[in-house]
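The block underneath contains the structure these notes are about, expressed in structure tokens.
Read-outs throughout are calculated quantities, based only on the coordinates presented, and are distinct from any laboratory measurement. Please read these numbers as outputs of a predicted model, since none were measured by experiment. Note: ideal-geometry Cβ built from the backbone for every residue, glycine included; neighbour counts use all protein chains shown.
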Amino acid sequence: MIARQVGVLICFICALSGCGYHPMGAEPIGSTTRTLAVPLFANRSTEVGLEAILANALINAFTQTRAVKVTPYEEGADLVLEGKVQSVDNTSVAFQSVTQSTVRRVTVRVELTLRQQDNGKVLWKDAQVLQEDYVVDPNYHAGEATKSEGLRRAAVTLARRVMDKVLLVI
């Protein structure tokens, strides 16, 4: 009886390995995960700290995929994703009166480059324009907080777009 159960177990394991099944999160034998560095973006805008918000959103997105291993250092990375914030503009899109806006739109223009670290070859280059609306608050601090939240939403949108494009290239 035990020999039969062992035989069934061995057949089951062989069948699973033959169909390509592997435990979730396990790497196939012989596969190598490429490493990706995402340094802080260059920032040509007047929006302080935006470079870190954008880089962190990208790091978080790529960390969750397991398609690449994210590293903080360019040295030792296979790929480097560099970004440059070209500009940030705020415009009013909804008004309470002629002189008071209730909703503003932040527009962020970013240039991105994915390159191989070892030879500097550019694999992918793109420019993105991100727009997010945020509610204006008469209280300055609350208004800055809603603006910051709009910038964070724009960063998450950028991360999704970039991740989809980069994963197609690598």
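Listing for the model above:
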item: Neighbour-count ranking [beta-carbon atoms within 10 angstrom, fewest first] of 91, 157; result: 91, 157
item: Set of the stretch 118-142 residues, backbone N closer than 14 Å to the point 7 Å along the Cα-Cβ line of residue 109; result: 127-131
item: Projected label distance in nm at residue 75 and residue 42, using a 7 Å step from Cα toward the beta-carbon; result: 2.3
item: Three-way shape call for the stretch 34-169 based on the alpha-carbon gyration tensor, with the a/c threshold at 1.5; result: prolate
item: Whichever aspartates and glutamates have a C-alpha closer than 19 Å to that of residue 125, once near sequence neighbours (fewer than 8 apart) are set aside; result: 51, 74, 78, 82, 111, 164
item: Taking 134, 73 and counting other C-beta atoms within 10 Å, the order from fewest to most; result: 73, 134
item: Extent along principal axes [Cα atoms of the stretch 92-165; Å; largest to smallest]; result: 56, 21, 17
item: Whole-angstrom gap from the stretch 149-170 to the stretch 111-136, using each part's C-alpha centre; result: 9
